[in-house]
Amino acid sequence: MKTQIGIFAAFGMLLAPFAAQAGQATVVLDVHHAGCVLCGPIVKSTLAHVNGVTSVSVSQADGNADVMATVTYDNAQTSPAAMIKATTGQGYPAEISKPAKS
């Protein structure tokens, strides 16, 4: 009986990393009014400080002073709505990027 419990415990420990990966998601945000030199780093830092965000990359501003932020996060800890609230609170309103039409 103890051997069976040990086998199940070991099996559970082997599968734990896969369960942790199950909550990973990625979202692309269009962030507005971020055309200055310091705006991109501020947006990146703001998003990185949202609980559950694991990585952020921010593009250079386009002609409309907008940047695209690609954010990887744990969807059990945060949501795109929380990220949008964070950037908007810093003066950079955002929305989920719409797919480009082909």
Can we say V67 is free of Cβ contacts under 8 Å to residues at least 24 places away in the same chain and surrounded by 15 or more Cβ atoms within 10 Å (Cβ to Cβ)?
no
For V37, are the conditions met, namely being over 18 Å from P99 (Cα atoms), β-branched (V, I, T) and in a loop (DSSP other than H, G, I, E, B)?
yes
Any residue in region 47-59 that is touching a residue at least 12 places away in the same chain (Cβ under 8 Å) and within 10 Å of M83 (Cβ to Cβ) sitting within a Cβ distance under 6 Å of a residue that is part of a helix (DSSP H, G or I) and of a type outside the set (S, T, N, Q)? List the pairs, counting only those 6 or more apart or interchain.
L47/M83; V50/A82; V50/M83; V50/A86; V53/L47; V56/K44; V56/L47; V56/A48
Give the residue, chosen from T72, T78, T46, that is modelled with pLDDT of 95 or more, assigned to a strand (DSSP E or B) and either surrounded by 10 or more Cβ atoms within 10 Å (Cβ to Cβ) or more than 11 Å from the chain's Cα centre (by Cα) (or both).
T72
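The values are calculated or read from the model by the stated rules, or taken from the named source; none is laboratory data. Please read all numbers here as calculations on a predicted model, not as lab measurements. Glycine also receives a Cβ, built like all others from the backbone with ideal geometry; neighbour counts cover every protein chain displayed.
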